[in-house]
Amino acid sequence: MKNGALRGIPVEGVAENRRFGARGRLSPSVFLSFRFMLLLALSMLSLSVLFVALLRLSVTRKQDADLEKSLALICGTIEGRGTDELAFLELPYYITYAVWEREGRAVLSTNDSLLPLLESEGKSRTHFEKGFFTDSDLNIRYRTRTIVSGEKMLVAECALDIANDSAAQMLSALPRLALVSLVPILVLSFALSFLISRSTIFAFKKLQADYDREKAFTSNVSHELKTPISIIDGHANLLKRWGKDDPAQLSQSIDAILHETENMNQIVTTLLDMSRIENGTLSIEPSKFFVTNFFTKLKEEVRITHPDCTIHISDPDFLEIETDEQKLHQIFTVILSNSLKFAGEKCTVTLAAKKNGSKTELSASDDGTGFSDEVLPHVFERFYKGDSSHDRNVSGAGLGLSIAKTLALALGGDIRAENAPDGGACVVVTVGRSL
């Protein structure tokens with residue numbers, strides 16, 4: 001675990017560094033929510049304008065129909081019974097009229113003396129005069145028709161007060177009502193779109209991270225298997241050509257082939273373990289055992305294969321625990337293997353145990369150079385070897401500690417890496433309760 005061998009970039013976490021927006025900008029979910037809200041606002045405003053325009057057209061047509069109907073009634077009365085009968089004519093209460101002579105503009109009959117004398121040549125028009133009344137403006141829609149009565153040319157005029165027309169009042173209030181109702185709708189739409197976009201983006205980022213992880217996984221496995229295969233192939237061809245006749249070369253090639261075959265076997269075994277863990281098919285068989293006895297077995301195994309390594313055991317309380325001993329053994333085999341790789345064959349490792357509440361902490365500390373600050377957060381990531389070139393001087397696929405963490409979690413515990421107070425790397429495994 002020395003610093004010189006751990007300099008690479010972790011495979012896991014690559015997707016996490018891909019941001020949808022730079023730091024300081026709006027988050028993707030907020031940005032999408034604002035866009036959705038703006039689109040909804042534009043759509044609602046467009047629909048509101050169209051609705052108001054259609055409603056205004058409908059109101060205007062009704063007003064024109066009322067004016068035309070009233071004009072027809074007035075003209076019919078004049079042609080049939082004369083202007084004197086207009087005083088008894090029943091018109092809608094909102095219709096005002098005036099009949100006057102075109103020449104001289106003398107008013108013959110009216111129900112509103114303040115109605116200005118206007119001409120529209122048979123069409124409906126709007127007339128507005130600001131300050132026409134002492135307390136308000138004049139705003140009318142009117143229509144006129146010219147008729148001949150005897151020898152006189154008369155103008156019949158009908159008008160309605162737009163300001164007092166209920167339909168017109170409702171029409172003028174619609175934009176304000178639409179604006180007021182638009183605010184809560186936009187707020188609600190923003191909240192809903194924010195929740196939807198946030199969950200969608202989260203799911204997309206998770207899928208992207210999983211895809212990148214699987215892609216990196218495949219790439220790294222291919223690389224790790226290709227290297228020993230290439231070495232085995234090279235030595236096999238060498239032996240086929242001339243190496244089998246050279247005892248020294250034959251021995252060297254056989255050792256290399258066996259070594260690389262063991263590396264491949266470890267990789268495949270690790271991948272199978274990972275598959276069992278991720279598929280939930282890993283079986284846990286807890287048993288009770290003493291920590292000192294467990295550490296002693298590990299010490300004997302290391303002494304046989306690495307006689308130059310010194311292992312100290314510290315278990316002052318002679319703790320007994322209950323967990324899956326075989327899985328725990330696999331975890332510490334990985335930890336000790338890493339210490340031998342990075343702290344050296346002649347390293348000193350201390351195996352210690354202590355209580356931590358209802359849990360037990362088992363640790364392995366070596367006298368190597370420890371973890372660098374850049375490496376420490378990534379040591380349990382898959383394929384993280386701290387060397388982007390996969391230096392074969394430090395063998396392994398970078399899966400050991402990742403497997404160890406997964407096994408620790410499967411046992412209901414945890415694992416962490418830190419630097420020991422006196423220097424060197426320290427890996428702490430938390431296991432089930434002490435007995």
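The values are calculated or read from the model by the stated rules, or taken from the named source; none is laboratory data. The structure presented is a predicted model; accordingly, all values stated were derived computationally and were not measured. Virtual Cβ from ideal backbone geometry, glycine too; neighbours counted across all protein chains shown. Accessible surface is based on the protein model in full, side chains and every heavy atom, while ligands, DNA and RNA are left aside. Shrake-Rupley method; radii C 1.70, N 1.55, O 1.52, S 1.80 Å.
Here are a few things to note about the model shown:
- Residues of segment 106-122 that are in contact with a strand residue (DSSP E or B) (Cβ under 7 Å, 6 or more places away or on another chain), under 20 Å from residue 93 (Cβ atoms) and open to solvent by 40 Å² or more (accessible area, probe 1.4 Å): 110, 111, 112.
- Filter result for the condition that a residue is open to solvent by 50 Å² or more (accessible area, probe 1.4 Å), over 30 Å from residue 94 (Cβ atoms), at pLDDT below 70 and basic (Lys, Arg), over 213, 176, 198: 213
- Flag for residue 284 being over 30 Å from residue 352 (Cβ atoms) and not polar (S, T, N, Q): no
- Any hit, segment 18-28, residues being at pLDDT below 50 and more than 30 Å from residue 206 (Cβ to Cβ): no
- Test for residue 237: is it open to solvent by less than 70 Å² (accessible area, probe 1.4 Å) and not charged (D, E, K, R): yes
- Hits in segment 364-405 - residues which are among the polar types (S, T, N, Q), crowded, with 20+ Cβ neighbours inside 10 Å and modelled with pLDDT of 85 or more: 365
- Residue in segment 260-270 that is over 21 Å from residue 333 (Cα atoms), open to solvent by 70 Å² or more (accessible area, probe 1.4 Å) and not basic (Lys, Arg) present: no
- Taken over segment 320-347, the criterion of being touching a strand residue (DSSP E or B) at 6+ places or on another chain (Cβ under 8 Å), buried (at least 17 other Cβ atoms within 10 Å of the Cβ) and within 28 Å of residue 358 (Cβ to Cβ) is satisfied by 321, 323, 324, 325, 328, 331, 332, 335, 336.
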